[in-house]
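The values are calculated or read from the model by the stated rules, or taken from the named source; none is laboratory data. All values reported here derive from a predicted model rather than from experimental measurement. All Cβ positions, even for glycine, are placed from backbone atoms using ideal geometry, and neighbour counts span all protein chains on display. Keep in mind that these areas ignore ligands, DNA and RNA; they rest on the heavy atoms of the full protein, side chains included. Shrake-Rupley method; radii C 1.70, N 1.55, O 1.52, S 1.80 Å.
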Amino acid sequence: MLRTLLALVFFCVLHNAAAQQKEQRVALVIGNNDYQYAKKLDNAVADAQAFRRELEARGFQVVYRENANRRAMNGAMEEFIGKLGTDAIGLVYYSGHGVQINGANYLVPTDLSAKTPSDFAYDAIDLEKLVNRVSQAQAKFSLAVIDACRDNPFQGNGRDIGGSRGLVAPSGNASGMMVVYSAGANQKALDRLSDADRNPNGLFTREFLKAMRIPGLTVQEAVNQIKTSVIAQAKGVGHVQTPAIYDQSVGTFMFTPGQAPTDNIVRPNLVVVVPEMTAAQREDAFWTDAKAAGNKEAFEGYLESYPKGRYVSLARANIARLSKDVQVVSAPPVVAPVITPPVTKPVITNPARLPGGTFKDCDDCPEMVGIPAGSFEMGGQAADETPRHRVTLSAFSMGKTEVTRGQWRSIMGNIVTPYEACGDTCPIEGVSWENAKLFISRLNLKTGKQYRLPSEAEWEYACRAGGQDAYCGSGGTDDLGWHNGNSGGAPHPVAGKKANAWGLHDMSGNVLEWTEDCGNVNYSGAPTDGRSWTTGECSRRVARGGSWSVIPWYLRAAGRNWLPTAFQGLNIGFRVARDN
């Protein structure tokens, strides 16, 4: 896989040139090198850091992130949009992986684990939507610059993602903008001109930085000079790289006001020296951004960059404060009642151990199904489902259905979500892993029992119910579960589809289900006794079963997802388990 370097810049300016010295300048800068499931990059963070320095030297207030996951990227974009006034110059710079899937361009967060094209719509950053957000700020001028080598970073490694090489031209939503790609279709954007080249920035980025320093150049003049210089330098080393420019802009502005060169030709070696920020000024700027973000990740980022900095004690105090603020709501938020010790006796007191035998520990508790002890071959054909291995499990009990809205409400209090109209018999959706654990802890307090999330092995064992069907039961996907082909774009009441051989409903489809296991890229080293796998990437947990919003392929018994524990997508819920 070729390295991909992606950079995005938007400029929003006033038409009145006389107001340039008083104009507000706001920027978002993100650089991603350290991808968890795609090829790591070398230059992206260095490019972002260089852009940040140049922008701050030119009066931009910069919101900065590096090696950002989806949550961090979304948070940074929201912070930037909140700062962007209608008369401001707004600049968003992103360097990292980018990919084009089915005619749409996506920016790739560091935690994206894409297995099919549909994953990008949920877990990547849609470039067109970002353009729309900037457009809604009513900027009068904007420029988007994308610096990428254009190869799909998720092609191969056992994954079949049909992304095309190259990013598509901007849509009609780019009206009023100039969009610049660092290379034309099927061209590679050079990181270095030769093995001896020690410049930390890629060719296109370094030329862009030079143009920013030239006094008196309009944006239009700058990008045309960048194009000329890149073409010439790439040709000099036997390479073809032609930046593409799509110009629907109106107005202009200058990075560096002043008198333009008299010959109107900006040569590659012409550099106007601009004083660098001092180390103290850079630290102050970083601290200002961390305070503005106000989240734990921002303060931890400051400590990583300035472990002996002037704001260390304040950063640690903020992290301690934020660590105490336990997130106890799903999205949208729930109102949790005060739970008193249980007084309700179980409706059925016999924990059935035979397949299909059911019991409940209270009237509004999840109905449980006894799962017998046994062994099975766990895994499938996809790379993350191998190696197949035999797992031997003790008897346990599993929820007959996913936890419902009514059951959630009885433990956690009132809840309002987009699927409120579905009713109390629908599965609770939009629940993070942390909130599922919180529900279980309160259920345990109420019943005096020890409910838990199932392990991944328990989930697949219960799904297969002693067989080896492709899905969680015999028959087709329409018989067994709700998916994007039959759901109508929403979850449905539980137990509306055929149960598997052990009486469990909706294990294929309806909502994706959390398990206890940490994220691991395959089964090498996995437990063989049914226990939860609690080593690996534990900031992400495995979810199983597919959902109403995905293609039937995801409903397979062997299918796996590993998602951030804070993920609250509207297609994810859970079911409970407990020992007999």
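Specify whether the C-alpha gyration tensor of the range 470-510 places it in the rounded, prolate or oblate class, a ≥ b ≥ c being the square roots of the eigenvalues: rounded for a/c under 1.5, otherwise prolate if a/b is larger than b/c and oblate if not. Could you put the intermediate results ahead of the total?
Values: a/c = 2.56, a/b = 1.52, b/c = 1.68.
It comes out oblate by the Cα gyration axes.
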The set of residues whose placed amide H lies less than 5 Å from the amide H of Met507, leaving out same-chain residues fewer than 5 positions away, is none
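Can you tell me how the range 499-568 classifies by the Cα gyration tensor, rounded, prolate or oblate, using a/c under 1.5 as the rounded cut? Please list the in-between numbers first.
Details: a/c = 2.04, a/b = 1.38, b/c = 1.47.
Here the range 499-568 falls in the oblate category.
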Applying the Karplus parametrisation 6.51 cos²θ - 1.76 cosθ + 1.60 with θ = phi - 60° to the phi angles of the range 539-549, what ³J(HN,Hα) value in whole Hz is obtained for each residue in order, glycine and proline being reported as x?
6, 10, 10, 7, 10, 10, x, x, 7, 5, 9
Which log10 I(q)/I(0) values does the range 56-129 give at q = 0.15, 0.17, 0.19, 0.22 Å⁻¹ under the Debye formula, counting every alpha carbon as one identical point scatterer?
-0.56, -0.70, -0.83, -1.02
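Beyond a 18 Å Cα-Cα separation, which of these cross-linked pairs lie in this structure: Lys40/Lys235; Lys40/Lys296; Lys129/Lys227; Lys188/Lys235; Lys39/Lys296?
Numbers: Lys40/Lys235 27 Å; Lys40/Lys296 25 Å; Lys129/Lys227 27 Å; Lys188/Lys235 13 Å; Lys39/Lys296 27 Å.
Over 18 Å apart, Cα to Cα: Lys40/Lys235; Lys40/Lys296; Lys129/Lys227; Lys39/Lys296.
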Please list 3J(HN,Hα) in residue order for the range 483-498, calculated via the Karplus relation 6.51 cos²θ - 1.76 cosθ + 1.60 where θ = phi - 60°; whole Hz, with x for glycine and proline.
9, 5, x, 9, 8, x, x, 7, x, 10, x, 5, 6, x, 10, 4
Tell me the per residue accessible area of the range 498-580 using a 1.4 Å probe; a whole number in Å² is fine.
29 Å²
Quick query: amide H of Thr256 versus all other amide H atoms, modeled in the peptide plane; which residues come in under 5 Å with a sequence gap of 5 or more or a different chain?
Gly216, Leu217
In terms of the ratio Rg/(2.2 N^0.38 Å) built on C-alpha atoms, what value belongs to the range 446-580?
1.01
Backbone N under 13 Å from the Arg390 label point (7 Å along Cα→Cβ), restricted to the range 513-529:
528-529
For the range 87-95, just list the computed ³J(HN,Hα) in residue order, Karplus coefficients 6.51, -1.76 and 1.60, θ = phi - 60°, integers in Hz, with x standing in for Gly and Pro.
10, 8, 7, x, 10, 10, 10, 10, 10
With a cut-off of at most 14 other beta carbons within 10 Å, and DSSP calling the residue loop, which chymotrypsin sites (Phe, Trp or Tyr not before Pro) in the range 42-96 qualify? Please list them.
none
In terms of the Cα gyration tensor, with a ≥ b ≥ c the square roots of its eigenvalues, is the range 172-256 rounded because a/c is under 1.5, prolate because a/b exceeds b/c, or oblate?
oblate
Would you please give the residues with an amide H less than 5 Å from that of Glu516, counting only those at least 5 places away or on a separate chain, with H modeled from the backbone geometry?
Ser455, Glu456
Sort the following peptides by mean Cβ neighbour count (other Cβ atoms within 10 Å, averaged over residues), highest first: 237-246, 66-75.
66-75, 237-246
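Which length gain, in nm to one decimal place, applies between Ser474 and Gln450 when the Cα-Cα distance is subtracted from 0.36 nm times their residue separation? Write down the numbers at each step before the final one.
Numbers: separation 24, 0.36 × 24 = 8.64 nm, distance 3.15 nm.
Here the answer is 5.5 nm.
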Cα-based Rg of the range 410-473 normalised by 2.2 N^0.38 Å, two decimals:
1.40
